[in-house]
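Contents: one structure, followed by commentary.
The values are calculated or read from the model by the stated rules, or taken from the named source; none is laboratory data. Because the structure is predicted, anything quoted here is derived from the model rather than measured. Don't worry about glycine lacking a Cβ; one is built from the backbone with ideal geometry, like all the others, and counts go over all protein chains shown. Note: accessible area is taken over every heavy atom of the protein model, side chains too, but ligands, DNA and RNA are not part of it. Shrake-Rupley method; radii C 1.70, N 1.55, O 1.52, S 1.80 Å.
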Amino acid sequence: MTKKNSNPMWGGRFTEASDPIMEAINASIDFDKRLATQDIEGSRAHAAMLSAQGIISSSDAEAIQEGLLTILSEINNNSFEFSTSLEDIHMNVEARLKKIVGDKAGKLHTARSRNDQVATDLKMWVRDHWDAAGCALKDLIRVLISQAEHGADWTMPGFTHLQSAQPVTWGHHMMAYVEMFGRDLSRVIDARIRLNECPLGAAALAGTSFPIDRHMTARALGFDRPSANSIDAVSDRDFVLEFLSVASINAMHLSRLAEELVIWSSAQFKFIVFNDRFSTGSSIMPQKKNPDAAELVRAKVGRLLGAYVGVLIVMKGLPLAYSKDMQEDKEPVFDAADNWFLALKTMTGILSNITVNREILAAASSEGFSIATDVADWLVQKLDLPFREAHHVTGQLVALAETKKCDLTDLTLSEMKSVYSDITEEILSILNVNHSVQSRNSYGGTAPDQVRLQIKYWKEKLTKN
Ligand code: ARG
């Protein structure tokens with residue numbers, strides 16, 4: 001005699017039990033147990049709607065609601081026993097419900113399928129994590145703003161090609177990251193709006209013959225509306241991809257900041273010092289203080305982008321509607337979210353605890369002939385030289401300073417006149433980095449006044465949303 005498949009949810013037509021390898025590849029409970037809260041919340045909304053629509057009796061609905069709450073508390077106090085043979089979180093919850101309330105548990109799955117159920121659960125999970133991401137990004141932005149406020153007028157070298165370019169202010173550099181993380185924040189807000197349509201009630205793919213009220217469940221679960229096409233509702237994982245892509249872009253931004261912090265903390269730069277709490281030592285070199293935290297933040301983009309590419313490739317070419325391939329979306333998105341938030345929190349911690357060597361920054365800001373552009377601009381403004389000629393004259397002044405192994409600011413007036421005789425002593429007043437940064441007062445420029453305007457703008461913006 002053949003053994004009957006023991007699966008209580010779908011075993012009816014089967015005569016043989018699942019092969020253990022089948023069970024191993026099929027089961028998702030080890031990871032989708034993270035959807036337990038959302039699954040129960042979704043089921044509670046569905047049961048309430050079934051009862052309100054007269055599809056199940058109110059006494060059955062009440063028993064189901066109570067049973068689901070019992071399961072929720074079992075899960076919260078870790079006494080719930082998850083079973084691999086019950087495949088996933090949906091069937092684990094339903095099987096337990098049957099043990100608690102008996103056969104009426106089977107009525108919960110009326111007018112619903114695991115396909116719309118999992119899409120709804122995962123959307124709610126991702127939505128919670130969009131909200132958490134928004135908070136973590138705002139925390140980071142606040143720390144950057146406070147760094148910018150402290151050093152709105154501290155000069156530091158500005159780089160292009162990692163070569164000394166022009167002096168900038170510490171505040172300006174910090175606010176550059178505020179812009180980047182601010183764009184990430186707007187992506188978070190934007191993607192959350194797009195996600196917020198409820199798949200529940202799409203059932204397997206075609207909708208249902210029961211008189212359900214999808215608006216009611218959508219509302220109860222905090223969605224803006226039910227998703228409009230039931231086929232799309234169960235086959236869409238764009239919301240996972242958007243989460244992973246925004247996480248990847250943000251992690252890329254974090255990696256650039258982390259890289260700068262690593263460079264700045266080196267003995268060759270000494271711009272900043274990491275707090276001991278965010279550094280590690282070396283087991284062989286006693287003098288070492290390593291920026292491990294920043295390095296790990298720098299690395300996370302690899303993992304997050306890997307998750308994004310992984311899910312994108314799972315989804316590529318999948319025919320509509322649901323396919324089991326889509327179960328492979330969960331581990332990457334869970335892992336990505338954990339690591340993304342850890343990276344954000346780590347960066348916030350690092351930045352709120354660094355010491356900035358203001359004097360070293362200031363001294364470095366005048367190195368590498370960083371005020372050469374100011375000299376060229378002066379020649380244009382005061383002597384009416386075309387910019388190209390001013391550029392050439394300044395180049396000759398730099399060459400002269402280089403042969404004399406001194407800085408532009410160390411050239412005497414007569415030395416400068418030997419390059420271009422019309423130069424007057426008025427030029428001496430602009431030969432310093434403070435003048436340089438103050439003068440770049442164009443909108444969005446590095447002048448402390450501009451930086452303070454941006455700080456004000458961002459502080460107001462953060463209180464609004
Ligand atoms: N564990 C499944 C997943 O994560 C749930 C949906 C299963 N649906 C199905 N028809 N087998 O995708």
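Answer yes if at least one residue in region 11-31 is farther than 28 Å from Gly222 by Cβ, within 16 Å of the ligand (Cβ to nearest atom) and touching a Ser or Thr at 6+ places or on another chain (Cβ under 6 Å), and no otherwise.
Residues of region 11-31 farther than 28 Å from Gly222 by Cβ: 11-27.
Now narrow it down to the ones that are within 16 Å of the ligand (Cβ to nearest atom): 11-14, 18, 22-27.
Okay, now just the ones that are also touching a Ser or Thr at 6+ places or on another chain (Cβ under 6 Å), so 27.
Yes, region 11-31 contains at least one residue that is farther than 28 Å from Gly222 by Cβ, within 16 Å of the ligand (Cβ to nearest atom) and touching a Ser or Thr at 6+ places or on another chain (Cβ under 6 Å).
Across region 449-465, which residue is nearest to the chain's Cα centre (by Cα) among those that are open to solvent by less than 90 Å² (accessible area, probe 1.4 Å) and within 15 Å of Ala176 (Cβ to Cβ)?
So the residue we want is Trp458.
Please go through region 325-352 and give me each residue that is in contact (Cβ under 8 Å) with a residue 40 or more places away in the chain and within 15 Å of the ligand (Cβ to nearest atom), ordered by number.
Met326, Gln327, Asp329, Lys330, Glu331, Pro332, Val333, Phe334 - these are the residues of region 325-352 that are in contact (Cβ under 8 Å) with a residue 40 or more places away in the chain and within 15 Å of the ligand (Cβ to nearest atom).
Would you check if His129 is in contact (Cβ under 8 Å) with a residue 24 or more places away in the chain, assigned to a helix (DSSP H, G or I) and within 12 Å of the ligand (Cβ to nearest atom)?
no
Can you go through Pro167, Pro157 and tell me which one is in contact with a strand residue (DSSP E or B) (Cβ under 6 Å, 6 or more places away or on another chain), in contact (Cβ under 8 Å) with a residue 24 or more places away in the chain and under 18 Å from Arg256 (Cα atoms)? Please lay out each step first, then the result.
Details: Pro167 fails: under 18 Å from Arg256 (Cα atoms).
After ruling out the rest, the residue left standing is Pro157.
Here are some conditions: (1) open to solvent by less than 30 Å² (accessible area, probe 1.4 Å); (2) within 16 Å of the ligand (Cβ to nearest atom). Pro291 meets all but one. Which one does it not meet?
(2)
Going by what's in this entry, would Ala119 be described as within 16 Å of the ligand (Cβ to nearest atom) and open to solvent by less than 10 Å² (accessible area, probe 1.4 Å)? Steps first, answer last, please.
On the way: within 16 Å of the ligand (Cβ to nearest atom): yes; open to solvent by less than 10 Å² (accessible area, probe 1.4 Å): yes.
Answer is yes for this residue.
May I ask you to verify whether Phe210 is open to solvent by 30 Å² or more (accessible area, probe 1.4 Å) and assigned to a loop (DSSP other than H, G, I, E, B)? Even if it seems obvious, please write down each step before you answer.
Values: open to solvent by 30 Å² or more (accessible area, probe 1.4 Å): yes; assigned to a loop (DSSP other than H, G, I, E, B): yes.
In short, yes.
Listed here are the residues, each with its yes/no results for (1) open to solvent by 20 Å² or more (accessible area, probe 1.4 Å); (2) under 21 Å from Asn339 (Cβ atoms); (3) in a helix (DSSP H, G or I).
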| position | (1), (2), (3) |
| --- | --- |
| Leu205 | yes, no, no |
| Ala218 | no, no, yes |
| Gly222 | yes, no, no |
| Ser245 | yes, yes, yes |
| Leu257 | no, yes, yes |
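Considering only region 395-465, give the helices (runs of 4 or more DSSP H) lying wholly within it that have at least 3 residues that are touching a residue at least 24 places away in the same chain (Cβ under 8 Å).
Details: elements: 413-419, 433-439, 448-464.
Fully inside region 395-465 and qualifying: 433-439, 448-464.
Please go through (1) in contact with a Lys or Arg (Cβ under 9 Å, 6 or more places away or on another chain); (2) under 21 Å from Ser255 (Cβ atoms) for Trp154 and return the number of the only condition it doesn't satisfy.
Of everything listed in (1) in contact with a Lys or Arg (Cβ under 9 Å, 6 or more places away or on another chain); (2) under 21 Å from Ser255 (Cβ atoms), Trp154 misses just condition (2).
In region 14-43, how many residues are farther than 17 Å from Thr120 by Cα and assigned to a loop (DSSP other than H, G, I, E, B)?
Here the count works out to 7.
Restrict the check to region 144-160 and report whether at least one residue is in contact with a helix residue (DSSP H, G or I) (Cβ under 9 Å, 6 or more places away or on another chain), buried (at least 20 other Cβ atoms within 10 Å of the Cβ) and more than 30 Å from Phe181 (Cβ to Cβ).
Checked region 144-160: no residue is in contact with a helix residue (DSSP H, G or I) (Cβ under 9 Å, 6 or more places away or on another chain), buried (at least 20 other Cβ atoms within 10 Å of the Cβ) and more than 30 Å from Phe181 (Cβ to Cβ).
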